[in-house]
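No value in this document is a laboratory result; all are computed from the given coordinates. This is a predicted model, so every value here is computed, not measured.
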Amino acid sequence: MKPITLLAILLAPLGAVAAPAPTRTTSLYGRLPPSKAMSARSWVVTPPPCVALDPAPSEEETEARFDEFADALIVQRNLTRAFEYISATYINHDPAITGDGPNAALDGLSMFWNFTTLTPLRQTFIDDQGWLNYQASGIGTIVDRFRFEAGCIVEHFIS
């Protein structure tokens, strides 16, 4: 065997190691079907974020906004309408959803929203916070707490 051929045979496996890893712009990903996250999210129209009201609404006005949000989210199950109350600075404390902001929350909810039955149990509003208690099929009983600032939801906690 010629030395150059032998060298090529011995070095060929190293070429595979040195090759660049596929990225989202290379052909490997171009052949994969869209992810479930993208297809699930495609049916939700992202509304513009809630703009802080000036002057800030009273507690009664904020409670009315919370009631509208709760109705859109739990009863109408309209994520687009519900997220009109979410601030661009929204902080999310739900460990199942990665990241803050309305887009992270929409991405997380879109994964199961159309496949989950929600049964409202109760809701309340005190000071600047509203609580939603509901049963979610396949998940269990959920209590969401939302904190408002200037008429917009700025923070979410789940238990």
- Item | Sequence-distant residues sharing a close amide H with Ile91 (under 5 Å, placed H) | Gly101, Glu155, His156
- Dimensions of the range 85-159 along principal axes (Cα, Å, largest first)? 34, 26, 18
- Item | 5 angstrom amide H check on Ile86, placed H, neighbours 5+ away | Cys50, Ile153
